[in-house]
Number of protein chains: 2
Amino acid sequence: ALVAAIRPPEQNCATASSLRGRKVMITAGPTREALDPVRYISNHSSGKMGYALAQAALEAGAEVHLVSGPVHLQTPAGVVYHPVESAEEMLAACLAQLKACDLFIGAAAVADYRPVAVAEQKLKKGAEELMELRLTKNPDIIAQVAAQTPKPFTVGFAAETQNLLAYARSKLARKGLDMIIANDVSAPGIGFNSDENAVTLITADSETHFATQSKSILAKTLIEYIAAQLPSPSIKS
Amino acid sequence: ALVAAIRPPEQNCATASSLRGRKVMITAGPTREALDPVRYISNHSSGKMGYALAQAALEAGAEVHLVSGPVHLQTPAGVVYHPVESAEEMLAACLAQLKACDLFIGAAAVADYRPVAVAEQKLKKGAEELMELRLTKNPDIIAQVAAQTPKPFTVGFAAETQNLLAYARSKLARKGLDMIIANDVSAPGIGFNSDENAVTLITADSETHFATQSKSILAKTLIEYIAAQLPSPSIKS
């Protein structure tokens, strides 16, 4: 009884230290790709899932780097916060902080394409009824992270509206990920901008479904699940 | 002294009833033009100026219809709220409520163009390094409002990064507006997403500059200025 009483409080919870001593990087939110000083292309990602994962990783004892596109969420107290706008900025922020990172979770909805040219002044509406906007492919942030040596344990998201699991499996293999979290963003009440989510967690040899629940509870479950899969800490340089 | 004492409180303020009995419609925020179920084109409008104008018009005694694109602001208590996403939805909401409207203020940053086709499913990133996005011109909401018979007193905004006053004067004439509020969105600390603004109010025969101040105070000043220019109420059908 004495031993139990002098145990630090967090030790009473089996999961409170599952990421102690680990460096975790999480991307969250959308990116914004500027057309000119006032217009941009973006997407409906609210950042809620990524922020919930950052909070859960903090509570699991990790040093958490949150690389976030523009969202309307409170930054969790204790994270190292790296705000960015575009995919190129997000890539730069990730690579700059990636050294000795044990776990990378790419929860951001990164724009696949950006305008080829960003106008310095606001584009004026012309007489033309039609306009062509030329786009160029953005860097693939998570594939670049997964290609580093040494690489962190790399977890991606697949947010799709159809053929979800097949596409997620293909993305897992193609990008060299260790795990992917498949998220049907067409289902009502879950996914983008919802407070709840239901996902399927996929590795090379497993598929685990998590039913609809609050993003904060789901995040804790996912972080514990991921923490249990992490390779043992290596000696860091 | 007795007369002053029994006066209703709002009568002690010279401006509290300047829009009593008037129907005012205000558009605010950006529009979002969908590319597919998750992606869109939008702009940096926060909606703050339009919402401040709605609040000021309410305080001036008006019935206020607020037609708003997606923003992260509290809807002022007492407005009739019409949330929309796209320019086409905004136009439909405006025209549906325009009957017997005395004053229309177009403070929304309406997207000039929208994608020609909206994909029903999330577009997949292909192998292509470049992509062409075909855009088509959106309806001109304020020009359509100003072309109604009878038309409300119609106030537009010109948010520009260069040649501000010249462009604002041209827009005033071209769109048949009664007044235009010119806003230099390239100046630091004012305009999009700022809490302060400085504007120049332009009519066919006047130009009035309002120095940098909070959007809520500026909104009250503008509403009083506009209220003083409104034609006398007509008998409504």
Which residues, taken from the range B:49-59, are touching a helix residue (DSSP H, G or I) at 6+ places or on another chain (Cβ under 9 Å) and surrounded by fewer than 23 Cβ atoms within 10 Å (Cβ to Cβ)? B:Glu59
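Per-residue answers, yes or no, for (1) touching an Asp or Glu at 6+ places or on another chain (Cβ under 7 Å); (2) under 18 Å from A:Tyr40 (Cα atoms); (3) basic (Lys, Arg); (4) without any contact (Cβ under 8 Å) to a residue 12 or more places away in the chain:
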residue	(1), (2), (3), (4)
B:Arg39	no, yes, yes, no
B:Ser45	no, yes, no, no
B:Ser68	no, no, no, no
B:Asp112	no, yes, no, no
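Tell me the residue from A:Lys171, A:Lys137, A:Lys175 that is under 19 Å from A:Thr208 (Cα atoms), surrounded by fewer than 23 Cβ atoms within 10 Å (Cβ to Cβ), over 13 Å from the mean Cα position of the chain (by Cα) and of a type in the set (D, E, K, R), please. Reasoning before the result, please.
Details: A:Lys137 fails: under 19 Å from A:Thr208 (Cα atoms); A:Lys175 fails: under 19 Å from A:Thr208 (Cα atoms).
A:Lys171 is the lone residue from the list that is under 19 Å from A:Thr208 (Cα atoms), surrounded by fewer than 23 Cβ atoms within 10 Å (Cβ to Cβ), over 13 Å from the mean Cα position of the chain (by Cα) and of a type in the set (D, E, K, R).
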Extreme residue, surrounded by the fewest Cβ atoms within 10 Å (Cβ to Cβ), among residues of the range A:99-117 that are within 12 Å of chain B (Cβ to nearest Cβ) and over 12 Å from A:Leu133 (Cβ atoms): A:Asp112
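Please determine, by comparing only the residues of the range A:178-190 that are of a type outside the set (A, V, I, L, M) and either modelled with pLDDT of 95 or more or under 13 Å from the mean Cα position of the chain (by Cα) (or both), which one is nearest to A:Pro30 (Cα to Cα). Please lay out each step first, then the result.
Going through the range A:178-190, the residues of a type outside the set (A, V, I, L, M) turn out to be A:178, A:183-184, A:186, A:188-189.
With either modelled with pLDDT of 95 or more or under 13 Å from the mean Cα position of the chain (by Cα) (or both) added as a condition, the list becomes A:178, A:183.
On the way: A:Asp178: 23, A:Asn183: 15 Å.
Result: A:Asn183.
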Go through (1) buried (at least 20 other Cβ atoms within 10 Å of the Cβ); (2) within 12 Å of chain A (Cβ to nearest Cβ) and name the single condition B:Pro70 misses. (1)
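If I filter the range A:141-160 down to residues being surrounded by 18 or more Cβ atoms within 10 Å (Cβ to Cβ) and outside any strand (DSSP E or B), which single residue comes out as farthest from the other protein chains (Cβ to nearest Cβ)?
Our first condition is that a residue be surrounded by 18 or more Cβ atoms within 10 Å (Cβ to Cβ); within the range A:141-160, this holds for A:141-142, A:145-146, A:152-160.
Within this subset, residues satisfying the condition of being outside any strand (DSSP E or B) are A:141-142, A:145-146, A:152.
On the way: A:Ile141: 13, A:Ile142: 13, A:Val145: 17, A:Ala146: 17, A:Pro152: 23 Å.
Of everything passing the filter in the range A:141-160, A:Pro152 is farthest from the other protein chains (Cβ to nearest Cβ).
Just wondering, is there one or more residues in the range A:213-222 that are part of a loop (DSSP other than H, G, I, E, B) and not aromatic (Phe, Trp, Tyr)? Quick ask: steps written out before the conclusion?
Step one: filter the range A:213-222 for residues part of a loop (DSSP other than H, G, I, E, B), giving none.
No: the range A:213-222 contains no residue that is part of a loop (DSSP other than H, G, I, E, B) and not aromatic (Phe, Trp, Tyr).
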Within the range A:194-229, can you find the residues that are farther than 21 Å from A:Ser18 by Cα, away from every other protein chain (no Cβ under 14 Å) and in contact (Cβ under 8 Å) with a residue 24 or more places away in the chain? A:Asp195, A:Asn197, A:Thr200, A:Ala204, A:Glu207
Would you check which residues across the range B:65-86 are out of contact with any His (no Cβ under 9 Å at 6 or more places or on another chain) and aliphatic (A, V, I, L, M) and list them? B:Val71, B:Leu73, B:Ala77, B:Val84
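Of B:Ala62, B:Ala1, B:Ala52, B:Ala57, which residue is modelled with pLDDT under 95, more than 14 Å from chain A (Cβ to nearest Cβ) and either touching a His at 6+ places or on another chain (Cβ under 8 Å) or over 30 Å from A:Val110 (Cα atoms) (or both)? Before you say what the answer is, go through the steps one by one.
Numbers: B:Ala62 fails: modelled with pLDDT under 95; B:Ala52 fails: modelled with pLDDT under 95; B:Ala57 fails: modelled with pLDDT under 95.
None of the others qualify; the one that does is B:Ala1.
May I ask you to list the residues in the range B:118-132 that are within 32 Å of the chain's Cα centre (by Cα), within 7 Å of chain A (Cβ to nearest Cβ) and either assigned to a loop (DSSP other than H, G, I, E, B) or in contact (Cβ under 8 Å) with a residue 24 or more places away in the chain (or both)?
First pass over the range B:118-132, keeping only residues within 32 Å of the chain's Cα centre (by Cα): B:118-120, B:122, B:132.
Still in the running and within 7 Å of chain A (Cβ to nearest Cβ): B:122, B:132.
Answer for the range B:118-132, where residues must be within 32 Å of the chain's Cα centre (by Cα), within 7 Å of chain A (Cβ to nearest Cβ) and either assigned to a loop (DSSP other than H, G, I, E, B) or in contact (Cβ under 8 Å) with a residue 24 or more places away in the chain (or both): just B:Lys122.
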Can you pull out every residue in the range A:171-193 that is without any contact (Cβ under 8 Å) to a residue 60 or more places away in the chain and either small (Gly, Ala, Ser) or at positive phi (or both)? A:Ala173, A:Gly176, A:Ala182, A:Ser186, A:Ala187, A:Gly189, A:Gly191
State yes or no: is A:Glu85 over 23 Å from A:Ala198 (Cβ atoms), within 14 Å of chain B (Cβ to nearest Cβ) and crowded, with 16+ Cβ neighbours inside 10 Å? yes
Can you find a residue that is modelled with pLDDT of 95 or more and away from chain A (no Cβ under 14 Å) anywhere in the range B:28-45? yes
Can you pull out every residue in the range B:161-193 that is in contact with a helix residue (DSSP H, G or I) (Cβ under 6 Å, 6 or more places away or on another chain), under 21 Å from B:Cys94 (Cα atoms) and within 13 Å of chain A (Cβ to nearest Cβ)? B:Lys175
Hey, could you check the range A:61-110 for residues that are out of contact with any strand residue (DSSP E or B) (no Cβ under 6 Å at 6 or more places or on another chain) and small (Gly, Ala, Ser) and say which is nearest to A:Asp36 (Cα to Cα)? A:Ala87
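The values are calculated or read from the model by the stated rules, or taken from the named source; none is laboratory data. It should be emphasised that the depicted structure is a prediction, and the values quoted were computed from it without experimental measurement. Because the Cβ atoms are built from the backbone with ideal geometry, glycine has one as well, and the counts that use them run over all protein chains shown.
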